[in-house]
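Okay, so here's the structure we're looking at.
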Amino acid sequence: MKKQLIKFLSGEKEISNNSLAFIESSRNAEIHYHYFVEIVYFVSGKGTHTIDNETYTIQSGDIFLINPFTPHSYTTISEDSKPVLVYNVIFYSDFLHASNNLFPERFIDSFHQELFKTPYNQDTGKTNYIKMHDSDRSFFTLLKILQDEYNNQRVGYLISLKNLLNLLLIKLYRQTVKHKKELTGKNKAILNDVIEYLKEHATENLLLKDIAKKYYFSVSYFNRLLKTHIGVTFNEFIQQERMLIAAKLLQDTDLTIDEICGKVGYSDIKFFYSLFLKNIGVSPAKYRIHIREEQSTLSSNNT
C-alpha cells in the first residue's frame, strides 16, 4: 500500500509581517500539516475532519484549535452534499507575544500551554488539538468581527486582530476548564513552584520520589496532582520539557542530534527520536530543516 503523502505548509504566502491570515473557503483540504497555529471553524455544511488519524463528523458550529505539525484534513460527506463553508484563522505564536523568546512550535505561556498540553476534552489523551462546538454562536460572532478587521485594515487593525484573537483563545480556554477542579491558593502556589523547578532542572536525573519528598508529598499524591491539574504524569512532563529544550537547540545551534540527545538527558538515540516525534510531531532532522527554512523566510520578508 502506497504511503499517503502529507503536505507541509509554511504559511509564508498567507501570513505576512508575523501577523495572521483569515481565509474563507468552500473546498476540501487534503491531508497536510503546518508550522503555524490554526483555528478551523465550520460555518455550514456537513463533512468529516480527520486529525492525527481520528475522524470526526463535522457540522455547523464545530471549532478546532490545531497545533503545528498536526496532520489533518477535511472533506464533505459525499459528492452531492453541499460544500462545507470554513473559516480558517492561521497565525504564528509570535503574533501574540511582545517578546520572541518562546519556542514557536508551542505556546509556552501559562494558559496557552494548558490549551495545547492538557487533554481536557480528548478521550484519547491527545494534546495536539482541541475540538468543541459553538452552541451559542459567540465564536462565530467574534470571527465575523475579526474577518471585517482583516479585510478592511483600518487604522489600528493589527492591534484589533491581536485583541480579537486573544479573546477567542480565552473563550476557548474557559470552555475547556469550566469543569476543572480548582486548586486552593496555597496548593496552587506550591504546584507552580514545583513546575518551575522541574522546568529549570528537566535535563537532570530527576526522580519522582525525590521531588515528592522535597515538597512533602507522597509519591502517589504528587503524581496524581500533576495528572489532574496539568494533564500529564511526572515522567511525561519531564519528557515534554526535554523535547522543547531539544527543539530550541535544533533551532539555535549546530549541535548534532546525537549531541542534543545527550544534552537533554538521554543516552538512547532511538528513544530520543521516538519521544521527539511523539511530542513535536516530526523527526528532529525534519524539524531542524523546517524551522530554519521558516526563519530564513521570515528574515527575508522583514528585510
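Bear in mind these aren't lab numbers, they're just calculated from the coordinates by the rules spelled out. In this text, all values refer to a predicted model and were calculated from it rather than measured experimentally. All Cβ positions, even for glycine, are placed from backbone atoms using ideal geometry, and neighbour counts span all protein chains on display.
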Exercise for review: For the stretch 30-72, evaluate the Debye formula with one uniform point scatterer on each Cα (no solvent term) and list log10 I(q)/I(0) at q = 0.20 Å⁻¹, rounded to two decimals.
Suggested key: -0.62
Practice item. Output the peptides 163-173, 147-157, 6-16 sorted from most to least packed, where packing is the average of other Cβ atoms within 10 Å over each peptide's residues. Key: 163-173, 6-16, 147-157
Review point. Can you list the residues, at least 5 places off or on another chain, whose amide H is less than 5 Å from the amide H of His34, using H built in the peptide plane?
Key: Leu9, Phe69, Thr70
Study note, to complete from the structure: Rounded to the nearest 0.05, FRET efficiency between Ser274 and Glu12 (Cβ-Cβ, R0 22 Å) equals 0.15
Practice item. Quote the FRET efficiency, to the nearest 0.05, computed for Ser81 versus His32 with a Förster distance R0 of 25 Å and r equal to the Cβ-Cβ distance. Key: 0.70
Revision key, fill the gap. 1/(1 + (r/R0)^6) with r = Cβ-Cβ of Phe140 and Ile190, R0 = 30 Å, i.e. FRET efficiency to nearest 0.05, evaluates to 0.15
